[in-house]
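Shown next, in structure tokens, is the structure this report addresses.
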Amino acid sequence: MNETALLIAAALASGTPLVLAGLGLLLNEKAGVLNLGAEGMMLVAAIAGFAAAFHTGEAAMGFVAGAAAGAGMAAVFGLLVIWLNTNQYATGLALSLFGTGFSAFVGVSMVGKKLSDPTPNAVPLLADIPFVGPAFFQLHPMVYAAMALAAGMAWFLYRSRTGLVLRAVGESPAAAHALGYPVRRIRFAAVLVGGALCGLAGAFLSVIYAPLWVQGLVAGRGWIALALTAFATWRPARVLLGAYLFGGVTMMQFALQSAGVQIPSQLLAMLPYLATIVVLVLISRNPVWIRVNMPASLGKPFHPGG
């Protein structure tokens, strides 16, 4: 039973970067902007966060640096696709490729270095409850912050006036512009916040989850987070559920290995990515379902007065 509790805790921790990045990408897409550069943003944020935490000795500075790096990368993307009207798909892929190469280049001196293990976190009283405590109440505060963020984003999108305007921009930017809303500025703000959340996800990986820096540390999680938004039909609560599902699949490989299951380790390492492909295939079988839930102007540029 204790092993099951530890597996649940590990799944929640593994899913947290996907929650953060998935919510950031969801915010972008709700505003009508498709950012394929999540992998690159997370990698740059991961090395920035690790370097800041390593030199200052403070994990909090790592999160600040990671969020700033993610927002900076997103600002470049937003400037190109929102004001210069470049193709969102090509620009996002370029951002991802740039981030992969840039993080490897600047992170050469950090390879082999390691941060001290994060201090154990426990919620008083609740952490002592058998099974429930080790499973849910001995996690890093960022895990709980990601859960709260999902709830807050759901409220923001569906219960606040600002969220309604943001969704209107993603559905019909021309109509929102006709009503006097600054469509480009709203989209740019969504892109910046989404980039900062992707940055937090990258920093969590290098500062808390690993905690170290190696080239390619993100290991495709940016692409999984991108697929997760479609899997969740652009709903924050479903992003949370899907992220923990993928986190559980990731941790399952280690549980199977420790149990002595005779399956090649390379095949087990493929499980999260195989699950992503299966989910995308199942979703694509019903294009009407995707079309109904997807923001109508997703990936489409907006030209004021055009």
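The values are calculated or read from the model by the stated rules, or taken from the named source; none is laboratory data. No experiment lies behind these values; they were computed from the predicted model shown. Cβ sites come from the backbone with ideal geometry, for glycine too, and all protein chains shown count toward neighbours. Surface areas here come from the heavy atoms of the whole protein model, side chains and all, with no ligands, DNA or RNA. Shrake-Rupley method; radii C 1.70, N 1.55, O 1.52, S 1.80 Å.
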Rounded to the nearest 10 Å², what accessible area does Met294 show when all protein chains are kept and the probe is 1.4 Å? 70 Å²
With labels modelled as points extended 7 Å from the Cα through the Cβ direction, what inter-label distance (nm, one decimal) is found for Glu3 paired with Ala151? 3.4 nm
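Just how large is the dipole of the chain about the Cα centre, in debye to the nearest 20, putting +1 at every Lys and Arg Cβ and -1 at every Asp and Glu Cβ?
On the way: 15 positive and 7 negative charges, 191 e Å.
Computed charge dipole of the chain: roughly 920 debye.
Compute the Rg to Rh ratio over the stretch 30-183 from the alpha carbon atoms, using the Kirkwood formula for Rh, and round to two decimal places. Each step should come with its number before you reach the end.
Numbers: Rg = 19.8 Å, Rh = 18.5 Å.
Result: Rg/Rh = 1.07.
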At what distance in nm do the modelled label points of Ser265 and Leu282 sit from each other, each positioned 7 Å from its Cα along Cα→Cβ? 3.0 nm
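Would you kindly work out the equivalent ellipsoid of the stretch 60-125 from its C-alpha gyration tensor and give its semi-axes, the square roots of five times the eigenvalues, largest first in whole Å?
Working: eigenvalues 209, 65, 18 Å².
Over the Cα atoms of the stretch 60-125, the semi-axes work out to 32, 18, 9 Å.
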Counting pairwise Cα distances across the stretch 2-50, what percent come out greater than 16 angstrom? 54 percent
Using only protein heavy atoms and a 1.4 Å probe, report how much of Ile186 is accessible, in Å² to the nearest 10. 40 Å²
Using a 1.4 Å probe and counting only protein heavy atoms, arrange Lys113, Lys300 so the residue with the most accessible area comes first. Lys300, Lys113
Provide Arg187, Arg238, Arg291 ordered by accessible surface of protein heavy atoms (probe 1.4 Å), highest first. Arg291, Arg238, Arg187
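Given R₀ = 30 Å, FRET efficiency for Ile129-Gln257 by Cβ-Cβ distance, to 0.05? Write down the numbers at each step before the final one.
Numbers: r = 29 Å, r/R0 = 0.96.
It comes out at approximately 0.55.
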In nm, the gap between the two label points placed 7 Å beyond Cα toward Cβ at Ser160 and Val108 is 4.4 nm
Of Leu267, Ala168, Ala255, which is farthest along the charge dipole of the stretch 156-304 in the positive direction, counting Lys and Arg as +1 and Asp and Glu as -1 at C-beta? Ala168
Mind checking which lysines have their C-alpha under 22 Å from Lys30, skipping anything on the same chain fewer than 8 residues away? Lys300
From the Cα centre of the stretch 255-306 to that of the stretch 93-110, the distance in Å is 24 Å
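Give me the dipole magnitude in Debye, nearest 20, for the stretch 1-142 about the Cα centre, with unit charges on the beta carbon: positive for Lys and Arg, negative for Asp and Glu. Please report the intermediate quantities before stating the final value.
Numbers: 3 positive and 6 negative charges, 57 e Å.
Taking the Cα centre of the stretch 1-142 as origin, the dipole is about 280 debye.
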List, in order, the whole-Hz ³J(HN,Hα) value for each residue of the stretch 215-228 obtained from phi through the Karplus relation with A = 6.51, B = -1.76, C = 1.60 and θ = phi - 60°; use x for Gly and Pro. 4, x, 4, 5, 6, x, 5, x, 5, 5, 4, 5, 5, 5
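How large is the convex hull of the Cα atoms of the chain per residue, expressed in Å³ as a whole number? Let's see the in-between values first.
Details: hull volume 42.9 nm³, N = 306.
Per residue, the Cα convex hull of the chain comes to 140 Å³.
Which order, highest average first, do 169-175, 276-282, 131-137 follow once you tally other Cβ atoms within 10 Å for each residue and take the mean per peptide? Intermediate values should be presented prior to the final figure.
Working: 169-175: 19.9, 276-282: 13.0, 131-137: 17.1.
Going from most to least packed, we get 169-175, 131-137, 276-282.
Report the extension gain between Ala175 and Trp83 in nm, rounded to one decimal, defined as 0.36 nm multiplied by the number of residues separating them, less their alpha carbon distance. Walk me through the numbers before you get to the answer.
Numbers: separation 92, 0.36 × 92 = 33.12 nm, distance 1.87 nm.
Taking Ala175 through Trp83 to full extension adds about 31.3 nm, to one decimal.
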Among all the aspartates and glutamates, which ones have a C-alpha under 15 Å from Lys114's C-alpha, if same-chain residues fewer than 8 places away are not counted? Glu58
If we sort 46-53, 257-264 on the protection proxy, mean other Cβ atoms within 10 Å, highest first, what's the order? 46-53, 257-264
HN-Hα J in Hz across the stretch 147-152 - Karplus 6.51, -1.76, 1.60, θ = phi - 60°, x for Gly and Pro: 4, 5, 5, 4, 5, x
Sequence order, the stretch 232-245: Karplus ³J(HN,Hα) from phi using 6.51 cos²θ - 1.76 cosθ + 1.60, θ = phi - 60°, Hz rounded, Gly and Pro as x, gives 8, 6, 6, 10, x, 5, 6, 4, 4, 5, x, 5, 6, 5
